[in-house]
Amino acid sequence: MRISRRQERHTARRAATATAIATACALLTTACGASGGAGSDSASGKVEGTVKFQTWNLRTNFKKYFEGLIADFEQKHPGTKVEWIDQPAENYADKLSADAAGGTLPDVVNVSPDLAVPLAKAGLALDLDKAAGQYRDEYLDGAWKSHRIPGMEGTYAFPWYLNTGPMFYNKKLFKEAGLDPEKPPTTYDRLFEDAKEMADRSKGRIAMLGNAPAIEDFGRYGVPLMDEQGTKFTFDDAKGVELLKKYKELYDAGALDSQALTNEAEATGRKFQQQSIAMNPGSALDLGKFKKEAPSLYKNIGITPAVSNTGKDNMYVQGVMVNARSEVKPAAVAFAHFLTNAENQMDFAHEVTVFPSTEGSLDDPFFTEEDGTDETRVRVAAAKSLKTAVNYTPVLFSDQMKTVLRNEVAKAMQGEKSPRQALDDAVAECDRLLKSAG
């Protein structure tokens, strides 16, 4: 996919359109639900033939990298050829839907976890636990598990590149609130305590945070989000209700931005730059922007992992799926593994600000040593958190479900519903959407 600071919003849009893939596959139960033969989980055999490999808006900026990688693979495996197809970012899920329906899905496909779900359910994604389990230990545990689907056995894509968002905080605002600028909050209890202190000291002028809690916040708080079978959501348990109550207390105390219920990422970022919000997620791109546009903020920037009760940060992950009906399955698996091996992921990480999903790669000096630049400050912080990070957003949690949760959270924060009722209603509606999606 295209790599940018809008990654999270793009992921949300993909989740909304990914259901089209499942619909297309449902219309072709013979093709999508086949078992045995070309649709089996076996990838044994000679590595040969032409592999069709599809990416997501990467050719413009990374043509040289992929052409070199493909040439290396073809040299390593005589008798193979890789045809690289790069699709535009817009309507990518619709393209996958059309390919699934028409039986033209490429052999190796760049997917995010949400896009892999309908393909796996339709029998079009190869179970790598069975077909390529020998490679399992080469990848970070959280990255490998990110393409598992509740209610199904197996892993349905090789993990590829990762990202995460460290938190920026304003040391000057912390100091003015009587908080230690060198010790930002790392747990939610401390966050809530510090946020109220900051709001009180500033008489409501400064808010600690700019957004209401989303599904990943519930995950970081330690709330169980879904049952293991993938049949129902569980974020309305006592711990989930506790989190929402805490956020409502922040909102009522002025410790949460007054527009937190409607803020988009860009609006929150502007408020952080204007120094009316004390903490906000960001990237190396933001640091450069602060240095140029808000030097008084830049000189007081602190970088810390996102607050968590679990000790694990949130992970954004891209994967590489193998078509279970590929006619060159051994070659397709070999290429997908080659693309995502430690050496090639490290090379890609030097091309763009992403992080390898392979075990041990994040210990490389490239990810552990700072050189005084903005880029390395953020890179080192993010790499450290990614070693144990997990993808908190359930792969079955669609964009429509995110909207349901956001609306119910807003009702609770505004006092229209109790936190218990709001989350119960959100879970009920999300469960209904889950069942309707099949």
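The values are calculated or read from the model by the stated rules, or taken from the named source; none is laboratory data. Small disclaimer: the values here were computed from a predicted structure and weren't measured. Counting neighbours? That spans all protein chains shown, and the Cβs are built from the backbone with ideal geometry, glycine included. Each accessible area value is taken on the protein alone, full model and side chains, heavy atoms only, with ligands, DNA and RNA left out. Shrake-Rupley method; radii C 1.70, N 1.55, O 1.52, S 1.80 Å.
Residue-wise test of (1) within 25 Å of Q400 (Cα to Cα); (2) acidic (D, E); (3) in a loop (DSSP other than H, G, I, E, B); (4) open to solvent by less than 10 Å² (accessible area, probe 1.4 Å).
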position	(1), (2), (3), (4)
A116	yes, no, no, yes
W144	no, no, no, yes
M152	yes, no, yes, no
W160	no, no, no, yes
D200	no, yes, no, no
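Here is a yes/no grid of residues against (1) at pLDDT below 95; (2) touching a helix residue (DSSP H, G or I) at 6+ places or on another chain (Cβ under 6 Å):
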{"site": "Y139", "(1), (2)": "no, no"}
{"site": "T155", "(1), (2)": "no, yes"}
{"site": "G165", "(1), (2)": "yes, no"}
{"site": "T186", "(1), (2)": "yes, no"}
{"site": "R205", "(1), (2)": "yes, no"}
{"site": "M208", "(1), (2)": "no, yes"}
Quick one: would you say A238 is among the hydrophobic types (A, V, I, L, M, F, W, C), at pLDDT 95 or above and either at positive phi or loosely packed, with under 15 Cβ neighbours inside 10 Å (or both)?
yes
The range 357-381, subset small (G, A, S) and farther than 19 Å from T340 by Cβ, residue most open to solvent (accessible area, probe 1.4 Å)
G372
Just the residues that are modelled with pLDDT of 95 or more, among the hydroxyl-bearing types (S, T, Y) and touching a Leu at 6+ places or on another chain (Cβ under 9 Å), please, taken from the range 54-102.
Y65
Would you tally the residues in the range 337-376 being polar (S, T, N, Q) and under 20 Å from M321 (Cα atoms)?
6
Positions within the range 337-381 being hydrophobic (A, V, I, L, M, F, W, C), touching a Gly at 6+ places or on another chain (Cβ under 9 Å) and over 30 Å from P295 (Cα atoms), in sequence order:
A342
Of the residues in the range 124-140 that are in contact (Cβ under 8 Å) with a residue 12 or more places away in the chain, within 20 Å of G45 (Cβ to Cβ) and out of contact with any Leu (no Cβ under 7 Å at 6 or more places or on another chain), the one that is surrounded by the most Cβ atoms within 10 Å (Cβ to Cβ) is L126
Considering only residues of the range 40-67 that are open to solvent by 20 Å² or more (accessible area, probe 1.4 Å) and assigned to a strand (DSSP E or B), which is nearest to A122 (Cα to Cα)?
K52
Could you list, in sequence order, the residues of the range 295-322 that are more than 22 Å from the chain's Cα centre (by Cα) and either under 30 Å from F338 (Cα atoms) or surrounded by fewer than 16 Cβ atoms within 10 Å (Cβ to Cβ) (or both)?
P295, S296, K299
Starting from the range 68-86, keep only residues that are open to solvent by 40 Å² or more (accessible area, probe 1.4 Å), then list their pairs with residues that are of a type in the set (A, V, I, L, M) and in a helix (DSSP H, G or I) whose Cβ atoms are within a distance under 8 Å, requiring at least 6 positions of separation or different chains.
H77/A331; H77/A334
Pick from the range 164-193, criterion crowded, with 21+ Cβ neighbours inside 10 Å and polar (S, T, N, Q), ranking: nearest to the chain's Cα centre (by Cα):
T164
Just to be sure, is A389 farther than 29 Å from T262 by Cβ and either open to solvent by less than 30 Å² (accessible area, probe 1.4 Å) or small (G, A, S) (or both)?
no
What number of residues in the range 98-114 are among the aliphatic types (A, V, I, L, M) and surrounded by fewer than 22 Cβ atoms within 10 Å (Cβ to Cβ)?
2
Only residues that are in contact with a Ser or Thr (Cβ under 8 Å, 6 or more places away or on another chain), under 19 Å from G165 (Cβ atoms) and among the acidic types (D, E): list them for the range 359-398, please.
E370, E375
Of all residues in the range 218-233, which are open to solvent by less than 30 Å² (accessible area, probe 1.4 Å) and modelled with pLDDT of 95 or more?
F218, G219, Y221, V223, L225, F233
